[in-house]
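Asks: After the structure tokens below, expect a handful of questions from me.
The values are calculated or read from the model by the stated rules, or taken from the named source; none is laboratory data. None of the values given here were measured: they were computed from a predicted structure. Cβ: placed from backbone, ideal geometry, glycine included. Neighbour counts: every protein chain shown. All accessible areas refer to the heavy atoms of the entire protein, side chains included, with ligands and DNA or RNA removed. Shrake-Rupley method; radii C 1.70, N 1.55, O 1.52, S 1.80 Å.
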Amino acid sequence: MDKKKFFRGLTAFTLASSLGVSSLVTNHDVVKAETKPKQVKNIIFMIGDGMGVPYLTAHRYMKDNPNTFVVENTTFDDYLIGMQSTYPEDEHQNITDSASAATAMSSGIKTYNAAIAVDNDKTEVKTVLEAAKEKGMSTGLVATSEITHATPAAYGAHDVDRKNMNAIADDYYDELINGRHKIDVMLGGGLKNFIREDRNLVEEFKKDGYSFVTNKDELLKDNNERILGLFAEGGLPKRIDRTEETPDLEEMTREAIERLSKNENGFFLMVEGSQIDWAGHDNDIVAAMSEMEDFEQAFKVALDFAKKDGETLVVLTADHSTGGFSLGANGIYNWFPEPIKAAKRTPDFMAEKIVNGANVRETLKKYIALDLTEEEIKSVEDAAQTKDLRTIDDAIEAIFNTRSVTGWTTGGHTGEDVAVYGYGPQIERFAGKIDNTDHAKIIFDILENKKVNKPKTGQTPADMKEGQFAYNEIQHLISQNVISLDDKGNYYPNKAITRAEAAVMLQRALNLEIPTDLNAFKDVNENHPYAKEIAATKAKGIFKGKADGTFGVNDVLTREQMATILVRAFSLKAQNHVQVKLSDLKSASPAHQENIKILYQNGVTTGRKGGMFDPRSKTTRAEFAVFLYRALNLNN
């Protein structure tokens, strides 16, 4: 008997037993054994798009130490807990695409291929990311594809068709939860979907306090908790093809965690190794192994954080497998990683060089550390005569597939089960044979039972009584640290609110980023007690000041002015199906009339008695608190 193999098997058995999954029982059986599951604060859900079991096996061969008698485990292997089924609910196809699979994992609902967080009736379904945001958690999406691609989209948007990536980008901005953007961190590709002729979402996010970065250096230097990072027009280059300007998946994952983990209520982060799938579609073994390495390094980052934190659940799986990838082909009982390791760039990269005029022989010699045969070189030279990128790419891929004995059966997806890996509190609930919908169902349950840190209970205003107008709203805003009472505990609800006081409440309520330049207006310099808040509201475009360049710190806010700043602050849109019933609307200043209508249409105001809005009267501190509270809770 091989002692190494015997003790290795014994160790594996012991590890599996310690996880409670040695017999691969169902997750339901495992849950019964855990009477008091440990609280989960943070959730990191990782998806290797197209990462079927053969990809994991091949990655293990790629990482193997040739000086030992065994094939060593990868990081993935040590955290294997089960398998999942992936089928969709599609009347025409029983093998899933990424959109349907991601919707199943994000919402717990089976649906048709191409659906983005909608069911078979094309009705929007709630996602676990949205549920996390409702709990007050921070949220993030990280991908090496466009951040609007099928998998991340199914967590942060809703659409009847995955191809509508511009509309998906719009959803990221337009769909609010508790008056705030639902995704705090977005890192990936897809710049073309955010800066368009019809809309510049980058500028809109920046106005709302997000940082915007386009390369690794900017990402690493930025420390804003809300960030949009778009590092390519479309998808990112493969790991093996990237320059120093483009962050790897591990770096994006680390930066996302660093920002999201500042929230005391925890966070939900979805990380996708997007282009394992793209490599499988292309039958490109070099690219596939490049992206597997990228994904493993990101997994290590998540594990490192989870082990130090102790309250973080990490789940890693795939949505499906791609390409019908096999280790060994044509009856040959071998698979060789060495030719793949000899590639310095992907066949895509080399083919693009050649189609743009580079010499075939010189290009292959530069980027492949193998002694290629004349026959292999000629196959690419013949392909180059077509000047067709795909034909050249296929010819180069054939060299690696043949030398490594890699097989492919399709350029599409395949329907086998995929592996599930994990670490952290309540990971046993994902063990055994589960369905892709179980991921969301378990996470929804975790979130439902999650204890979040309740906001500090503020003082009860000494000058107010229970049942008084705005009492409950003011109490809530005190608990959220939006309203501060004076040293006597008074709020003065009937006093008119000043522009400066409104700016302070809006900055706190929306958690607006404080700009570096605090000299926002002529009458507000950096030494003013409200300089930071006023500068923040100006940067967001809420307050624009007067024609003479002043702010009017102590000027009273009129009701029509209040309508306009709330519409700006919460990006409220007209709801033209709602009839506005305000008899004195035309008495408002023309500049404010439309915003008063929008405020009414969104239910933030119903007017005063007699169907009047009274646009030019003063806004009381009680009224402003009520309107602010309603605007914050529009999406509840």
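Asks: Quick one: would you say residue 442 is in contact with a Lys or Arg (Cβ under 6 Å, 6 or more places away or on another chain), closer than 23 Å to residue 110 by Cα and assigned by the TED database to the domain that holds residue 83?
Replies: yes
Asks: Could you run through the range 468-517 and say how many residues are of a type outside the set (D, E, K, R), closer than 30 Å to residue 212 by Cβ and in contact with an Asp or Glu (Cβ under 9 Å, 6 or more places away or on another chain)?
Replies: Selection size over the range 468-517: 10.
Asks: Still on this structure, I have one more. Might you check whether a residue that is closer than 30 Å to residue 37 by Cα and over 19 Å from the mean Cα position of the chain (by Cα) occurs anywhere in the range 280-303?
Replies: Looking through the range 280-303, none of the residues is closer than 30 Å to residue 37 by Cα and over 19 Å from the mean Cα position of the chain (by Cα).
Conditions tested, residue by residue: (1) touching a strand residue (DSSP E or B) at 6+ places or on another chain (Cβ under 8 Å); (2) on the phi < 0 side of the Ramachandran plot; (3) buried (at least 24 other Cβ atoms within 10 Å of the Cβ).
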site	(1), (2), (3)
123	no, yes, no
143	yes, yes, yes
167	yes, yes, no
174	no, yes, no
208	yes, yes, no
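Asks: Residues to consider are 466, 416; find the one that is outside any helix (DSSP H, G or I) and assigned by the TED database to the domain that holds residue 322.
Replies: Matching residue, one of 466, 416: 416.
Asks: Right, another one. For the range 34-66, enumerate the residues that are touching a residue at least 12 places away in the same chain (Cβ under 8 Å), β-branched (Val, Ile, Thr) and either open to solvent by 10 Å² or more (accessible area, probe 1.4 Å) or part of a helix (DSSP H, G or I) (or both).
Replies: 53, 57
Asks: Answer with yes or no whether residue 494 is closer than 20 Å to residue 628 by Cβ, open to solvent by 50 Å² or more (accessible area, probe 1.4 Å) and among the polar types (S, T, N, Q). Explain how you work it out, then say what you get.
Replies: On the way: closer than 20 Å to residue 628 by Cβ: yes; open to solvent by 50 Å² or more (accessible area, probe 1.4 Å): yes; among the polar types (S, T, N, Q): yes.
In short, yes.
Asks: Hey, another quick one. Under 6 Å by Cβ, and 6 or more places apart or on different chains, what pairs join a residue from the range 402-426 that is in contact (Cβ under 8 Å) with a residue 60 or more places away in the chain and more than 23 Å from residue 337 (Cα to Cα) with one that is assigned to a helix (DSSP H, G or I) and open to solvent by less than 20 Å² (accessible area, probe 1.4 Å)?
Replies: Every condition considered, the pairs that remain are 420/430; 422/430; 423/303; 423/306; 424/306.
Asks: Out of all the residues in the range 596-622, which are open to solvent by less than 20 Å² (accessible area, probe 1.4 Å) and either in contact (Cβ under 8 Å) with a residue 40 or more places away in the chain or of a type in the set (Asp, Glu) (or both)?
Replies: Result: 605, 613, 615, 619, 622.
Asks: Moving to a separate point now. Where in the range 514-613 are the helices (runs of 4 or more DSSP H), entirely inside, with at least 2 residues that are touching a strand residue (DSSP E or B) at 6+ places or on another chain (Cβ under 6 Å)?
Replies: Numbers: elements: 531-539, 559-570, 590-601.
Answer list for the range 514-613: 531-539.
Asks: Before we move on, is residue 391 over 18 Å from residue 268 (Cα atoms), of a type outside the set (Asp, Glu) and in a helix (DSSP H, G or I)?
Replies: When the stated conditions are applied, residue 391 passes them.
Asks: A further question on this structure: Pull out all pairs, ordered by first then second residue, where Cβ-Cβ is under 7 Å, the residues are six or more apart or on different chains, the first lies in the range 224-243 and is farther than 13 Å from residue 279 by Cα, and the second is modelled with pLDDT under 95 and open to solvent by 20 Å² or more (accessible area, probe 1.4 Å).
Replies: Listed pairs, sorted by first residue: 224/513; 225/262.
Asks: Would you mind stating whether residue 391 is within 37 Å of the chain's Cα centre (by Cα), open to solvent by less than 60 Å² (accessible area, probe 1.4 Å) and polar (S, T, N, Q)?
Replies: Yes.
Rundown of residues vs (1) touching a residue at least 60 places away in the same chain (Cβ under 8 Å); (2) in contact with a Ser or Thr (Cβ under 8 Å, 6 or more places away or on another chain), yes/no style:
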residue	(1), (2)
73	no, no
86	yes, yes
93	no, no
97	yes, no
102	yes, yes
108	yes, yes
118	no, yes
124	no, no
